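Undergrad: A single structure is presented below for examination.
The values are calculated or read from the model by the stated rules, or taken from the named source; none is laboratory data. Please read these numbers as outputs of a predicted model, since none were measured by experiment. Here the Cβ positions follow ideal geometry from the backbone for every residue, glycine too, while neighbour counts run over all protein chains shown. Heads up: the accessible areas ignore ligands, DNA and RNA and are worked out on the full protein's heavy atoms, side chains in. Shrake-Rupley method; radii C 1.70, N 1.55, O 1.52, S 1.80 Å.
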Amino acid sequence: MILVTGATGTVGRLVTERLSGTGPVRLFTRDPRRVTSTGPDVEVAGGDFDDPGGLRAALVGVRSALLVTTNPLAPAQDRNFVTAARAARVGHVVKLSAQAVADTGADDLITRWQRDNEELLRASGLAWTFLRPRAFMSNTLGWARSVREEGVVRAPDGASRNASVDPRDIADVAVRVLADPAAHAGRAYPLTGPAALSAVQQTDMLGELLGRPLEFVELTREETLSGLLARYPEPLAHALMESAARGRQGAKTGVDPTVPDLLGRPARGYRAWARDHLAAFRA
Ligand SMILES: NC(=O)c1ccc[n+]([C@@H]2O[C@H](COP(=O)([O-])OP(=O)(O)OC[C@H]3O[C@@H](n4cnc5c(N)ncnc54)[C@H](OP(=O)(O)O)[C@@H]3O)[C@@H](O)[C@H]2O)c1
């Protein structure tokens, strides 16, 4: 049995689709009604990382688990998971972490949280593999509405380049790793796309694919911070500002060969991601 947490989210959903038909899979969600993948081998476990009892029940009989937590202000969630996984004698935990943990100079709250989560697993006695993606290409779905309605992308730091990764590649790697714990236990995998692109370059690519030139409007620091504060608690907004500052210094441009090495094919580029998600950006 493989347990997928974050199963209704970006990566968990893609992993679930790929695992369908490969053997028994259990999906962990707070709201089973949100699950779209079904099949004879797919079961749903309702539960919350904040509830140790629900976690223990979800982990019964689990051989391998994909661990996706998302709240840096709730560090107990990873602790609850690891405690329950040890009690259930789970064989292998594949942790969705972040490439920033390996960046010297990255010391924002979100990165420290992911480092602590990794440390928790290293110290747990469980077998683990860390997946460390750079920014998800799908983050640019946040531009979809203004592109559809106004032909405009509004974003900070238009010239900062990021070797962002296609979430489908993260999911492809996760499925490989889940299928073969012995080959991947104790490894940490940096996951990037094939090139470091700026937001301006991504905007131009989107415009070419849409057949409609798009305008890029660079947000000031103040506009960026007030937008983040409208969406996130203050400590997270400030962590994201710190992360953006590292991006401006060129800290996120490194292209890593791990995705092609593990998958035996090139990493998907932004043009392919955008082409396959163009409907979201079409007027
Ligand atoms: N986005 C990026 O650019 C980026 C880059 C590097 C690393 N990462 C890392 O990737 C991870 C996020 O992955 P993602 O984007 O695939 O996640 P996501 O789309 O935000 O989905 C996460 C899922 O977690 C579930 N969840 C949230 N709180 C929960 C709780 N208390 N108990 C149980 N389930 C809960 C939610 O499902 P339900 O609502 O159904 O319960 C949600 O669908 C984070 O660890 C982040 O640091 C992201």
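Undergrad: For segment 236-258, check the following and say yes or no: at least one residue is farther than 24 Å from Gly12 by Cβ, in a helix (DSSP H, G or I), of a type in the set (D, E, K, R) and free of Cβ contacts under 8 Å to residues at least 60 places away in the same chain.
TA: At the first step, the residues of segment 236-258 found to be farther than 24 Å from Gly12 by Cβ are 237-238, 241-242, 244-251, 253-255, 257.
Filter again for in a helix (DSSP H, G or I), leaving 237-238, 241-242, 244-248.
Checking the rest, the ones that are also of a type in the set (D, E, K, R) come to 242, 246, 248.
Among the residues that remain, those that are also free of Cβ contacts under 8 Å to residues at least 60 places away in the same chain are: none.
Scanning segment 236-258 turns up no residue that is farther than 24 Å from Gly12 by Cβ, in a helix (DSSP H, G or I), of a type in the set (D, E, K, R) and free of Cβ contacts under 8 Å to residues at least 60 places away in the same chain.
Undergrad: Only residues that are farther than 24 Å from Tyr270 by Cβ, touching a strand residue (DSSP E or B) at 6+ places or on another chain (Cβ under 8 Å) and touching a residue at least 24 places away in the same chain (Cβ under 8 Å): list them for segment 95-123, please.
TA: Selection gives Lys95, Asn117, Glu118, Leu121.
Undergrad: Which one is farthest from the ligand (Cβ to nearest atom), of the residues in segment 32-58 that are of a type outside the set (Ser, Thr, Tyr) and under 22 Å from Phe136 (Cβ atoms)?
TA: In this case the residue turns out to be Val35.
Undergrad: Further question on the same structure: Only residues in segment 1-26 that are modelled with pLDDT of 95 or more count as the first member; pair them with residues that are near the ligand (Cβ under 10 Å from one of its atoms) and acidic (Asp, Glu), Cβ under 9 angstrom, at least 6 apart or cross-chain, and list the lot.
TA: As it stands, the answer is Thr8/Asp31, since those pairs meet every condition given.
Undergrad: Moving on to the next point. Restricting the search to segment 209-234, which residues are surrounded by 13 or more Cβ atoms within 10 Å (Cβ to Cβ) and assigned to a helix (DSSP H, G or I)?
TA: Leu209, Leu210, Glu223, Thr224, Leu225, Gly227, Leu228, Leu229
Undergrad: Check Asp107, Asp51, Asp41 and return the single one that is at pLDDT below 95 and either closer than 27 Å to Thr192 by Cα or over 20 Å from the mean Cα position of the chain (by Cα) (or both). Spell out the reasoning first.
TA: Numbers: Asp107 fails: at pLDDT below 95; Asp51 fails: at pLDDT below 95.
Checking each option against the conditions leaves just Asp41.
Undergrad: Does segment 74-82 contain any residue that is of a type outside the set (Val, Ile, Thr), within 29 Å of Gln249 (Cβ to Cβ) and more than 10 Å from the ligand (Cβ to nearest atom)?
TA: yes
Undergrad: Can I ask one more? Just one of (1) part of a loop (DSSP other than H, G, I, E, B); (2) open to solvent by 40 Å² or more (accessible area, probe 1.4 Å); (3) modelled with pLDDT of 95 or more trips up Ala283, so point out which.
TA: The single condition Ala283 does not satisfy is (3).
Undergrad: While we're on this one: Residue check: is Ala195 assigned to a loop (DSSP other than H, G, I, E, B) and on the phi < 0 side of the Ramachandran plot? Steps first, please.
TA: On the way: assigned to a loop (DSSP other than H, G, I, E, B): yes; on the phi < 0 side of the Ramachandran plot: yes.
For Ala195, the condition - assigned to a loop (DSSP other than H, G, I, E, B) and on the phi < 0 side of the Ramachandran plot - is met.
Undergrad: Every residue in segment 15-59 that is over 18 Å from Val82 (Cα atoms), open to solvent by less than 50 Å² (accessible area, probe 1.4 Å) and part of a loop (DSSP other than H, G, I, E, B), please.
TA: Scanning segment 15-59 gives Gly23, Asp31, Val35, Ser37, Gly39.
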